[in-house]
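Here, each number is a calculation from the coordinates, and none is a lab measurement. Predicted, not measured: the structure shown is a model, and the values here were computed from it. Virtual Cβ from ideal backbone geometry, glycine too; neighbours counted across all protein chains shown.
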Amino acid sequence: MQIGMIGLGRMGMNMARRLIRGGHEVVAYNRTREKTERLAAEGAGAAFSLEELVKKLAAPRAVWLMLPAGATVDEHLTRLAGILSRGDMVIDGGNTYYKDDVRRAELLAPKGIHYVDVGVSGGVWGLEAGYCLMVGGGKRVYDILEPVFRSLAPAEGVLHCGATGAGHFLKMVHNGIEYGMMQAYAEGFGILDASAYSDDLDYAKVAHLWNQGSVIRSWLLELAEGMFSRSARLADIGAFVEDSGEGRWTALQAVESGVPAPVLTLSLMSRFRSRVDDNFSDKVVAALRREFGGHAVRKTTESI
C-alpha cells in the first residue's frame, strides 16, 4: 500500500522503515531535509514539502502524521485540509489528547477527509519488535488501512477500538498505567538502595531474578536489568522525571469520570516532586523512560 509519512523523529523514522520492510511504498516528508534524504536512501520516496508529498500519492491518499502533540499537528492538518481531496485519509499516530481528535475529525468531515487516531506503543524497540496499535475512527477506513497496521504491529498487536478518539483514549490510559508500573518498580529499588543489604546487591541480577517465574516479571524489568548492567547505581542519571502529558490527561479523566485512581495519580505527583528532590527511585524512573522510549534524561551535573 502507498502511504505518506510526515515526521521522521525517533518513532516516525523507524515506523517508516518497518513499512518499507513490509513492502509498502512510503513517501516521506520531514521539516529538515537530512532525515528525508536518509530515508530515501533506504527506499522511500522523498518529498520536501507537503504539497510535493500530496502530489506523489495516488488518490485516495493515506497520510500518517508522527508529530509532537498540540499546535504542530493543528498547523499541519490546516495545511493538509487545503490540499487533500475528498476520500483521503489522515492518520495521527502521535500522543494526542483524545478530545483534540474529536475536534479535528469534525473540522475535516465537511471536506470529506477521513481522520483516524492511532495510539502507538513500542518506543525505540518497535522497528524490530513491532508496535502495539490502538485505532480509533470509522471501521470502513480502518479496513482500508489494515494492511499498514498489520505491517507495523506484531501478531495480534492491533485493535480497532471504536469511534474517533478511542485509539488515543486507550493509549492515554495505557500510559497512565505505565506511570504506575514504573513508579512501583522504582520505589522497590529505592527501598533496596536504602537498606543495609544494598552494598551486596547487584540490581541487574535482582531484575533478572524477578523475571524468572516471578509474579512481577515484565519487559520493564528486562529494561531495568540492561540499564543496571551498564550503570550499577545510575550515577550518571539525574533524579528528574519528565512527563509528556498522558499521565496528566489520565488523572484528569479519572476526576471527570469519578473513578478513583490513586496509584496512577500519585505516580504523576511523584514526577512533579522529583523536580525538587533527589533520590534513587526517581533515577530509576528516568532511566526506564530512556530505555523504552529514548526519552532524554538529566545528567547529574545538570541543574534543575
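What full-extension length gain, to one decimal in nm, is calculated for Val124 and Asp277 as 0.36 nm per residue of separation minus the Cα-Cα distance? Could you put the intermediate results ahead of the total?
On the way: separation 153, 0.36 × 153 = 55.08 nm, distance 2.88 nm.
Fully extending the segment from Val124 to Asp277 adds 52.2 nm.
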Rounded to the nearest 5, the percent of DSSP beta bridges in the chain running antiparallel is 20 percent
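Nearest 20 debye, what's the magnitude of the dipole of the chain about its Cα centre given +1 on Lys and Arg Cβ and -1 on Asp and Glu Cβ?
Numbers: 34 positive and 36 negative charges, 174 e Å.
Roughly 840 debye for the chain.
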Rounded to the nearest 5, the percent of antiparallel DSSP beta bridges in the stretch 2-162 equals 20 percent
Reduced to Cα centres, the span from the stretch 251-266 to the stretch 169-224 in Å works out to 23 Å
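Please compute the contact order of the chain in relative form: average sequence separation of alpha-carbon pairs under 8 Å and at least six residues apart, divided by the residue count, as a percent.
14 percent
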Rounded to whole angstrom, the alpha-carbon centroid of the stretch 111-164 lies from that of the stretch 1-73 at a distance of 16 Å
Checked against the structure, the computed percent of Cα pairs over 32 Å apart among [x] 43; [y] 32; [z] 25 is the one labelled [y]
For Thr78, Thr300, Thr265, Thr36, ascending order of other Cβ atoms within 10 Å (fewest first) is Thr78, Thr300, Thr265, Thr36
Neighbour-count ranking for Ile91, Ile144 (other C-beta within 10 angstrom, fewest to most) reads Ile144, Ile91
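Give, in nm to one decimal, the length gained when the segment between Asp236 and Ala196 is fully stretched (0.36 nm per residue of separation minus the Cα-Cα distance).
On the way: separation 40, 0.36 × 40 = 14.40 nm, distance 2.31 nm.
Between Asp236 and Ala196, full extension yields an extra 12.1 nm.
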Place a point 7 Å from the Cα of Arg140 in the direction of its beta carbon; the residues of the stretch 35-68 whose amide N falls under 17 Å from it are 60-62
If unit charges are put on Cβ atoms (+1 for Lys and Arg, -1 for Asp and Glu) and the dipole of the stretch 171-293 is taken about its Cα centre, the option from Ala196, Ala224, Thr250 lying farthest towards the positive end turns out to be Thr250
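Roughly how compact is the stretch 87-233, stated as its Cα Rg over 2.2 N^0.38 Å to two decimals?
In units of the globular-protein estimate, the stretch 87-233 measures up at 1.35.
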Quick note on Trp64, Trp210, Trp219, ordering by fewest other C-beta atoms within 10 Å, gives Trp219, Trp210, Trp64
